[in-house]
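See structure below.
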Amino acid sequence: MASYTQEDDDHYRSEFSSSYVVGSFPKDFVYGPDDPDQDITTILSPDQKPKILLMGLRRSGKSSIQKVVFHKMTPNETLFLESTNKIESENISNSSFVQFKILDFPGQIDFFEPSFDSEKIFGGQGALVFVIDAQDDYMEALQRLHQTVLRAHKVNPHLRFEVFIHKVDGLSDDTKIETQRDIHQRANDDLIDAGMEQIHLSFYLTSIYDHSIFEAFSKVVQKLIPQLPTLENLLNIFISNSGIEKAFLFDVLSKIYIATDSSPVDMQSYELCCEMIDVVIDISDIYGKDEGVQVQFDKESSSIIKLNNQTILYLREVSRYLALVCILREDNFDRQGLIDYNFLCFRNAIQEVTPSASITSTPPSTTTHFLLTFDASLILLLTSFCTLTEEPEKSLYVAYGCV
Ligand SMILES: Nc1nc2c(ncn2[C@@H]2O[C@H](COP(=O)(O)OP(=O)(O)OP(=O)(O)O)[C@@H](O)[C@H]2O)c(=O)[nH]1
């Protein structure tokens, strides 16, 4: 058998870099930028999906966040980013759940200029992410945050406000906590003084040098997904019937998790799952082709990583852009058939939870079968009837029988 040489490797790599061949995980991470010449009126025309507005002072890190999360830019490459001098818009349209427009504003933008059309910018559904550089003096940033929030809230009381206390990689743990407390206190005091205490600000400690920026963005994006309660319920049913400890439904391109079950998220588990996605994409990228014949990375594809602490990471693809990553104890993986069966049920149910079958419109109805093990010798067929309605948690009920 011919050995696999460096030449072969280079050949495969160049083949792969010129065309995407790893099946359903797309290799080019381009989301289809909007026409760079279009003006703000076109960017914000009313048919729109939710918007995420990235605002903050100059050099606070807005463009870096966007590039790292949505374009796989490495943190060090952001050192060479030039200052943004006009509003930059991009469509993020991955799975049917991750659909929004992200707008990167130049730091020096003047909201009080007559040409600044607040109605168009702040109107509609979405979130305003205000980035504060925690390594710098943040008094001016707080003042700008206050002005921005008041102005935006006046135009659109439904807009969500998310404050990223950013670049915390340079701070000690104590300083991080103290900075967050101080910024939280001052920002809320300013709102109380202005008589606007009803405005809610959410705070996150972020850095592009670790997974905190992905975690924070996940939470921002989740709030824009109307089907979130349904997805969480499905994940809860899936893990509790499969002996799984934690499951994340990932947007593969960005590594944002769009939903997880209701057990608490610990950062280390999230990081492990993100890294698993990177490994799977890299391996598919390099070895996804066999002697020139494309090996499909299709809906049957999966990956298992055994850790040395009797834990297993299990990845299954849900759709072209979504993957389910589970963490479970090695003992429970003896029943892989059961997990796989339940996964199929989960995937079928997810396909019904699309925006076209929106939970706010006529509720679709699906019957989902989950296999459940009570002990090693007894397997029950659990038939779970999930009727997806506006309040899915009230409409889930189960019945089971022996097989
Ligand atoms: N240490 C550290 N530096 C960061 C982080 N995020 C961004 N930076 C750096 O901050 C600098 C400014 O980043 P940009 O993304 O250009 O900032 P911006 O807010 O888009 O700037 P304008 O376009 O001028 O408004 C760059 O040198 C980045 O490398 C972070 O999390 N930690």
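The values are calculated or read from the model by the stated rules, or taken from the named source; none is laboratory data. No experiment lies behind these values; they were computed from the predicted model shown. Note that we place each Cβ from the backbone using ideal geometry, even for glycine, and neighbour counts take in every protein chain shown. These area figures cover heavy atoms from the full protein model, side chains too; ligands, DNA and RNA do not enter into them. Shrake-Rupley method; radii C 1.70, N 1.55, O 1.52, S 1.80 Å.
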Residues in the stretch 315-345, backbone N under 17 Å from the label point at Ile283 (7 Å along the Cα-to-beta-carbon vector): list them, ranges by number please.
315-318, 323-328
Quote the accessible area belonging to Ser93 in square angstrom, nearest 10, computed with a 1.4 Å probe and with ligands, DNA and RNA left uncounted.
40 Å²
How many nm separate the modelled label positions at Asp169 and Phe111, each set 7 Å beyond the Cα in the direction of the Cβ?
2.9 nm
With +1 assigned to the C-beta of every Lys and Arg and -1 to the C-beta of every Asp and Glu, and no other charges, what is the dipole magnitude of the stretch 40-222 about the Cα centre in debye, to the nearest 20?
620 debye
So the carbon and sulfur contribution to the accessible area of the stretch 40-222, 1.4 Å probe, in percent, is 49 percent
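Which pairs in the list Lys72/Lys306; Lys51/Lys306; Lys223/Lys306; Lys120/Lys176; Lys101/Lys255; Lys67/Lys306 are over 29 Å apart, alpha-carbon to alpha-carbon?
From the list (Lys72/Lys306; Lys51/Lys306; Lys223/Lys306; Lys120/Lys176; Lys101/Lys255; Lys67/Lys306), the Cα-Cα distance tops 29 Å for Lys51/Lys306; Lys223/Lys306; Lys120/Lys176; Lys67/Lys306.
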Packing-wise, with mean Cβ within 10 Å as the measure, how do 61-68, 99-106 rank, highest first?
61-68, 99-106
Counting every Cα pair in the stretch 234-277, what percent are over 11 Å apart?
65 percent
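If r is the Cβ-Cβ distance from Lys219 to Glu275 and R0 is 30 Å, what FRET efficiency results, to the nearest 0.05?
0.95
By the scheme Lys and Arg +1, Asp and Glu -1, what is the net charge of all other residues having a beta-carbon under 14 Å from that of Asp190?
Values: positive: Arg144, Arg151, Arg186; negative: Glu140, Asp182, Asp189, Asp193, Glu197.
Cβ neighbours under 14 Å give a net charge of -2.
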For the stretch 40-222, with the dipole built from +1 on Lys and Arg beta-carbon atoms and -1 on Asp and Glu ones, taken about the Cα centre, which of Leu57, Gln147, Phe70 lies farthest toward the positive end?
Phe70
Starting from the amide H of Ser302, placed 1.01 Å from N in the peptide plane, find each other amide H under 5 Å away whose residue is 5 or more places distant or on another chain.
none
With Ala127 itself left out, Lys, Arg at +1 and Asp, Glu at -1 over residues whose Cβ is under 11 Å from its Cβ give +3
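What is the sum of charges around Val68, taking Lys and Arg as +1, Asp and Glu as -1, for the other residues whose C-beta is under 12 Å from the C-beta of Val68?
On the way: positive: Lys62, Lys67, Lys72, Lys255; negative: Glu77, Asp210.
Residues near Val68 contribute +2 overall.
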Once you have the alpha carbon radius of gyration of the stretch 142-205, what is it after dividing by 2.2 N^0.38 Å, with N set to its residue count?
1.18
Evaluate the relative contact order of the stretch 40-222 (contact order divided by residue number), counting alpha-carbon pairs under 8 angstrom at least 6 apart; express in whole percent.
24 percent
Ordering of 140-148, 242-250 by packing [mean C-beta count within 10 Å, highest first]
242-250, 140-148
Would you kindly compute the Cα radius of gyration of the stretch 40-222 and its largest Cα-Cα separation (Dmax), both in Å?
15.6, 46
Remind me, relative contact order of the stretch 105-187 in percent, using alpha carbon pairs under 8 angstrom and six or more residues apart?
37 percent
Spin-label point model (7 Å from Cα, Cβ direction): what's the Asn309 to Gln125 distance in nm?
3.9 nm
